[in-house]
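Below is one structure; the comments refer to it alone.
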Amino acid sequence: MYRTHTCGELRIENVGQTVQLAGWVQRVRDLGAMSFIDLRDRYGITQLVADEDTPDNIRQVFESLGREFVVQVTGTVRERYSKNKTIATGDIEIMLQEIKVLSPSAVPPFTIQDDTDGGDELRMKYRYLDLRRTAVRKNLELRASMAHSIRSYLTEDGFIETETPVLIKSTPEGARDFVVPSRIHPGEFYALPQSPQIFKQLLMVAGFDKYFQIVKCFRDEDLRADRQPEFTQIDCEMSFVEQEDVLNTFEGLTKYTFKKVLGLDVDDFPRMAYSEALSNYGSDKPDIRFGMLIKNLSEQAAGKGFPVFDTAEYIGGICIPGCAGYSRKQTDELTEWVKRPQIGAKGLVFVKYMDDGSIKSSVDKFFSQELLMQWIETFDGKPGDLLLILAGVKDKTLKALGELRLEMGNRLDLRPKNTFRPLWVIDFPLLEWDEEAQRFFAMHHPFTSPKPEDIPLLETDPGNVRANAYDLVINGVEIGGGSVRIHDSALQSKMFDILGFTHEQAEAQFGFLMDAFKYGAPPHAGIAFGFDRLVSLFAGLDSIRDVIAFPRTNARNDVMTHSPAPIAKEQLEELHLLLKPGK
Ligand code: ASP
């Protein structure tokens, strides 16, 4: 037996017992008459002590230990003279009797404690040391407990957890596939799944009725912060359901997880149409923890002789409570902020509704006080409020206002990390026009069904067809999305047609799915949650990296194991990626 207790376990009740612990040396302190070691494992830290009564040979070993040595000790538990209230074992210490070094350690490249001195790159290179830090380990413990709670909820509800293959044929989900060359079939490739989409639909044809899987998915996307090329989804599909059934099931799952893991009760999730999200929040993933809604001022503000407004497709603004007192410097800085390329506005108009009821604005020349007052009334503005107004092309301006709204929300502390306001965004457009390719793409994926009442528009005005598609958004983060699927092969081939697939291409890529649909496909719908994002949201983190045990760095290469990496010539030949000499 290596240990009788963990390093987080002993309390005052254990005083007098002889115990055996094993763990890592966090810190050695030699105070002359006495020396101390903080011994750490994943459960906590226990103080070990050696003094003049400790046999010399044992004390020598004790004092020679370095940080991160793995040791096994035997000793007696005694009450501490000066107690440490910050740790659970702070009332006691272990008087050393025996010590054995199980494994020495080189000097670690950074200190293994909460406020480490290690930079990002170094911590990633030595991720196994980083994972020894409580703060990092806690995130992974949270992840495990969330996975556990999700599994138990769905299993209780009758979902069958089913694995689907990883070496598959390419499925279109809008990103690039990672591909794996086949040795046995020269010149042919597998793709790694961007999601198990087709398989879960086939499971519905198979009559599984309720499927789920916590599954790795792969997307070879360009570098973006907070994206990982491999990530985990909670992937689900249900039969004989309508959109409402899916929303209710997964609202239930989300609420259960909040309660079980964080002890929080969250309100019912409001439902918001995509069009409303865009016009009021400038985003399809609105953060509804705070108001500050966007209002359209186009009608009131155009045609009054201010050229910027008169030539704009859209004029809109937000009302910032209590900020009329902003100085010139502050409004200049905000103007610079909206002009950054990421936001892309040309300028910023502001109207200050001063505490004394007067109005000051950057466009006094063009607009009377009465007109400005009308704008303020549109926002239900109060004395002390500041209006920020942008104008330009509609989509871009709404998006910029959405970003500005979030920025002001941050500056005014309106986005607390421990408040959660989930909602469903529904009625997404079915198709998205791509200027470059001059064709429609599926906004969600090609298996998403149009709203029945919009089906006639497929012929006449495909861009305005709404889909039975939905996203779960929490605090401005898209947590998941899904749709009611097409289960009719005629409608499905029509979709492929609209998406620009020839009959042959559709047949080659999805023939097996269309075939399956000939044998009795039940109406079905599903959803997938980004598990990493959900965990990072629960953990109050901005990045998903810290909730993944071995994440990729932003450079996308693995600084620890150095993948991707070249492979041997023989391997390339075997995979038919390199011709053998003489062939
Ligand atoms: N497969 C979709 C995705 O990964 C989710 C779904 O429609 O269920 O986004």
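The Cα center of segment 165-206 and the Cα center of segment 1-75 differ in position by 53 Å.
For the pair segment 419-480 and segment 93-143, the centres of their Cα atoms are 46 angstrom apart.
For segment 39-122, what relative contact order do you get, as a whole percent, if you take Cα pairs closer than 8 Å and at least 6 residues apart?
Values: 117 pairs, mean separation 27.6, N = 84.
Relative contact order comes out at 33 percent.
Extension gain for GLN369 to VAL261 (0.36 nm times residue separation, less C-alpha to C-alpha distance): 33.5 nm.
Here the extension length gained between ARG29 and ILE184 equals 49.7 nm, from 0.36 nm per residue of separation less the Cα-Cα distance. Here the extension length gained between LEU491 and GLU459 equals 10.3 nm, from 0.36 nm per residue of separation less the Cα-Cα distance. Cross-link partners of LYS518 among aspartates and glutamates, defined as those whose alpha carbon lies under 13 angstrom from its own and excluding same-chain residues fewer than eight positions apart: ASP488.
Taking amide H atoms as placed 1.01 Å from N in the peptide plane, the amide H of GLY480 lies under 5 Å from those of LEU472, GLY530, each 5 or more residues away in sequence or on another chain.
Here the Karplus curve 6.51 cos²θ - 1.76 cosθ + 1.60, taken at θ = phi - 60°, turns the phi angles of segment 115-125 into couplings of 9, 6, 8, x, x, 4, 4, 5, 5, 6, 5 Hz, with x standing for Gly and Pro. Modelled spin labels at SER327 and SER105, positioned 7 Å past Cα toward Cβ, are 4.9 nm from each other. For the chain, the Kirkwood estimate of the hydrodynamic radius, built from every pair of different alpha carbons, is 28.6 Å.
Provide the FRET efficiency to the nearest 0.05 for the GLU221-TYR519 pair, computing r from the beta carbons and using R0 = 35 Å.
Numbers: r = 35 Å, r/R0 = 1.01.
Efficiency, rounded to the nearest 0.05: 0.50.
For segment 445-538, the Kirkwood hydrodynamic radius from C-alpha pairs, put into Stokes-Einstein at 4 °C and a viscosity of 1.567 mPa s, yields a diffusion coefficient of 87 µm² per second.
Output the relative contact order of the chain, whole-number percent, from Cα pairs under 8 angstrom with separation of 6+ residues. Numbers along the way, then the final one.
On the way: 1081 pairs, mean separation 73.2, N = 583.
Across the chain, relative contact order equals 13 percent.
When a/c reaches 1.5 or more, the comparison of a/b and b/c decides; with that in mind, is segment 264-337 rounded, prolate or oblate per its Cα gyration tensor? Oblate is the answer for segment 264-337, as a/c is 1.5 or above yet b/c matches or exceeds a/b. A simple spin-label model places pseudo-atoms 7 Å from Cα toward Cβ; at ARG415 and GLU63 they are separated by 5.5 nm. Extending 7 Å from Cα along the Cβ direction at ASN296 and again at ASP120 yields two label points whose distance is 4.0 nm. So if R0 is 30 Å, what FRET efficiency would LEU541 and GLU242 give, r being the distance between their Cβ atoms, rounded to the nearest 0.05? About 0.30, to the nearest 0.05. In nm², what is the average projected area of the convex hull enclosing the Cα atoms of segment 375-476? It is 9.9 nm². List the lysines whose Cα sits under 30 Å from the Cα of LYS138, skipping any in the same chain fewer than 8 residues away. Straight-line reach from LYS138, under 30 Å: LYS83, LYS85, LYS100, LYS125, LYS216, LYS255, LYS259, LYS260, LYS285, LYS417.
Read-outs throughout are calculated quantities, based only on the coordinates presented, and are distinct from any laboratory measurement. Remember, predicted model here, so these are calculated numbers, not experimental data. Cβ atoms come from the backbone with ideal geometry, glycine included; neighbour counts cover every protein chain shown.
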